[in-house]
Amino acid sequence: MLERFYPDIYIDNIFLLPLDEFKKRGIKALVFDIDNTVAPYDMAEADEEMIDFFKFLKKQGYRLCLLSNNNKKRVEKFNEKLETLAIYRAGKPGVKKLENAIFDMGVTKKQTALVGDQVFTDMYCAHKAGVLAVLTKPICNRDQWMTKVKRGLERKVIKAYLRRMAK
Ligand SMILES: [Mg+2]
């Protein structure tokens with residue numbers, strides 16, 4: 001019942017992406033949520049660290065995409081220096097925009113991983129689309145109020161997931 005919200009891989013932050021495992025699994029494209037996954041939701045622009053990290057991933061041969069439920073202004077501003085494929089109002093956990101992105105990147109769903117911080121939007125979306133679901137801890141505990149409401153429930157799901165993994 002809760003499985004649809006569980007991650008396939010759970011990491012502390014995006015700098016700990018398991019690139020060796022991605023290689024084994026044939027992952028060629030990385031789709032990132034923005035808010036609290038790659039940046040605090042109130043950080044308007046990508047910082048040097050993120051710009052360098054995206055450059056590094058590109059050099060490794062990954063196709064990259066930002067996929068955010070946030071608005072056009074937020075997503076375009078954040079993507080200004082990253083200059084990658086960026087999709088706003090993605091409607092996660094709906095899969096339509098993700099499927100379009102996978103098509104645009106010229107990969108298959110099996111070759112794609114979605115990296116996000118929310119189980120009810122990002123992980124559920126990843127499973128519905130059939131891509132690898134990678135959960136990160138949220139970057140900071142500042143959240144938009146809607147997100148805040150969901151966090152209590154999220155923690156319950158993550159706890160259940162961790163209990164399962166410990167068995
Ligand atoms: Mg997020």
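Before we move on, is Lys128 open to solvent by 80 Å² or more (accessible area, probe 1.4 Å) and within 18 Å of Ile9 (Cβ to Cβ)?
yes
Any idea which of (1) hydrophobic (A, V, I, L, M, F, W, C); (2) without any contact (Cβ under 8 Å) to a residue 40 or more places away in the chain; (3) out of contact with any helix residue (DSSP H, G or I) (no Cβ under 6 Å at 6 or more places or on another chain) is the one Cys140 doesn't satisfy?
So Cys140 meets the others, but not (2).
Give the range 103-139 a look and list any residue that's part of a helix (DSSP H, G or I), away from the ligand (no atom under 16 Å from the Cβ) and under 19 Å from Phe22 (Cβ atoms), or say none.
Listed by number, the residues that qualify are Met105, Lys109, Lys110, Gln111, His127, Ala129.
Are there any pairs with C-beta distances below 6 angstrom linking a residue in the range 14-43 that is over 18 Å from Val107 (Cα atoms) to a residue that is within 15 Å of the ligand (Cβ to nearest atom) and among the aromatic types (Phe, Trp, Tyr), with the two at least 6 apart or on different chains, and if so which?
Ile34/Phe78; Asp35/Tyr41; Val38/Phe32
I'd like the full set of residues that are open to solvent by 70 Å² or more (accessible area, probe 1.4 Å) and in a loop (DSSP other than H, G, I, E, B), limited to the range 15-40.
Lys28 - this is the single residue of the range 15-40 that is open to solvent by 70 Å² or more (accessible area, probe 1.4 Å) and in a loop (DSSP other than H, G, I, E, B).
Those residues that are β-branched (Val, Ile, Thr) and over 17 Å from Val119 (Cβ atoms), I need them from the range 35-48; list them, please.
Matches in the range 35-48: Val38 only.
Taking the range 41-86 as the region of interest, how many residues are open to solvent by less than 80 Å² (accessible area, probe 1.4 Å) and in a loop (DSSP other than H, G, I, E, B)?
Final tally of qualifying residues: 14.
The values are calculated or read from the model by the stated rules, or taken from the named source; none is laboratory data. These numbers come from a predicted model, not from an experiment. Heads up, the Cβs are rebuilt from the backbone with ideal geometry, glycines too, and the neighbour counts pull from every protein chain shown. For accessibility, only protein heavy atoms count, side chains too; no ligands or nucleic acids. Shrake-Rupley method; radii C 1.70, N 1.55, O 1.52, S 1.80 Å.
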